Amino acid sequence: VLARLFLAEPLPRNREAFEDRLEEGRGRLMEVAEQAARAVHGALMEWKALWPLLQTEVPEPRRAVVADIRAQAEWLMQPGFVTHTPDPWLSRIGVYLKGARLRLEKLSGRLARDAQWQASVSHWMKRWADLPVTTDRERLARRETLRWLIEEYRLSLFAQELGTVTRVSEKRIEEVLADCR
């Protein structure tokens, strides 16, 4: 909460800017703390509902789906996820986990379509992972936005009823990917 309020870029460069940042942050401290608490609570509740489903033994055709969802859930809930997940994505983690749970629930009779969608998501994840490592802040921010856009894309495929927070399509992902280069 403190990092979100007081350490956002650009950092204050003089006493006046520093005091302005402190004053503005103080007035929003409880609001931001409550937003973060709601987001974390939602993520933990969805994690609690999803994780046991990923621990059961499943027949062969479903193993790839469970492995994909497990990898997604572990990435979303990695240690330090609260501090490492920027706004507005922290509040979406619970939605992504719910989408993963819905994907499992709707899997019967949709294995072929699920595999097709999973291949599409995997394609974009590979292209994201293949982006060159950079220390440039703007490129890092675009790369991070792309990663979250892929999560929104995954949601649009597997759990459309949950909705996305931004326009998402393969064309849009390609545009953001081009901006990352």
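Here, each number is a calculation from the coordinates, and none is a lab measurement. It should be emphasised that the depicted structure is a prediction, and the values quoted were computed from it without experimental measurement. Backbone-built Cβ (ideal geometry, glycine too); neighbour counts: all protein chains shown.
For the range 82-181, the dipole from Cβ point charges (+1 on Lys and Arg, -1 on Asp and Glu) about the Cα centre works out to 220 debye, to the nearest 20.
Taking the chain as a Gaussian network, where each spring joins two C-alpha atoms under 10 Å apart, which residue of G109, G42, G25 fluctuates the most? Evaluated over the chain, the most mobile residue of the options is G109. Seen against the Cα atoms of the chain and their longest principal axis, helix 15-55 is set at about 20 degrees.
Hydrodynamic analysis of the range 1-108 uses the Kirkwood radius over alpha carbon pairs. Inserted into Stokes-Einstein at 37 °C and 0.692 mPa s, it gives a translational diffusion coefficient of 206 µm²/s. Count Lys and Arg as plus one, Asp and Glu as minus one, and take only other residues whose Cβ is under 13 Å from that of L102; the net charge is then +2. With respect to the chain, whose longest principal axis is taken over its alpha-carbon atoms, helix 93-105 is tilted by about 0°. The value obtained for the range 122-181, namely the Cα convex hull volume divided by the number of residues, is 71 Å³ per residue. Loop-located trypsin sites (Lys or Arg not before Pro) in the range 1-106 (DSSP state other than H, G, I, E, B) with a sparse environment of at most 10 neighbouring Cβ atoms within 10 Å: R13. If the elastic network links every pair of Cα atoms under 10 Å, which of L97, L149, L162 fluctuates the most in the Gaussian network model of the chain? For the chain, modelled as a Gaussian network with Cα springs under 10 Å, the answer is L162.
Loop-located GluC sites (Glu not before Pro) in the range 19-108 (DSSP state not H, G, I, E or B) with no more than 16 neighbouring Cβ atoms inside 10 Å: E57.
Counting Lys and Arg as +1 and Asp and Glu as -1, what is the net charge of the other residues whose Cβ lies under 12 Å from the Cβ of T56? Here the count lands on +2.
Rounded to the nearest Hz, the phi-derived 3J(HN,Hα) couplings of the range 78-84 under the Karplus curve 6.51 cos²θ - 1.76 cosθ + 1.60 (θ = phi - 60°) are 4, x, x, 4, 5, 7, 8, where x marks glycine and proline. Our analysis of the chain gives Rg over Rh at 1.02, with the two radii drawn from alpha carbon positions and Rh computed by the Kirkwood formula. Report, in whole Å, the centroid distance computed from the Cα atoms of the range 127-181 and the range 74-98. Comparing the Cα centres of the range 127-181 and the range 74-98, I get a distance of 15 Å.
Take the Cβ atoms of E74 and R139, set R0 to 22 Å, and the FRET efficiency comes out at 0.30. Each Lys or Arg adds one and each Asp or Glu takes one away; over the other residues whose Cβ falls under 13 Å from the Cβ of I173, this sums to +3. Counting only DSSP H runs of at least 4 residues, each contributing -39500 (n - 2.57), and dividing by the residue count of the chain, the helix-based mean residue ellipticity at 222 nm comes to -24500 deg cm²/dmol.
Relative to the dominant Cα principal axis of the chain, helix 111-129 is inclined by about 40°. Phi-derived couplings, Karplus 6.51 cos²θ - 1.76 cosθ + 1.60 at θ = phi - 60°, listed residue by residue for the range 164-176: 10, 8, 8, 5, 9, 6, 5, 4, 5, 4, 4, 5, 5 Hz, with x used for Gly and Pro. Among W117, W47, W75, the largest mean-square fluctuation in a Gaussian network model of the chain, built with springs joining Cα atoms closer than 10 Å, belongs to W75.
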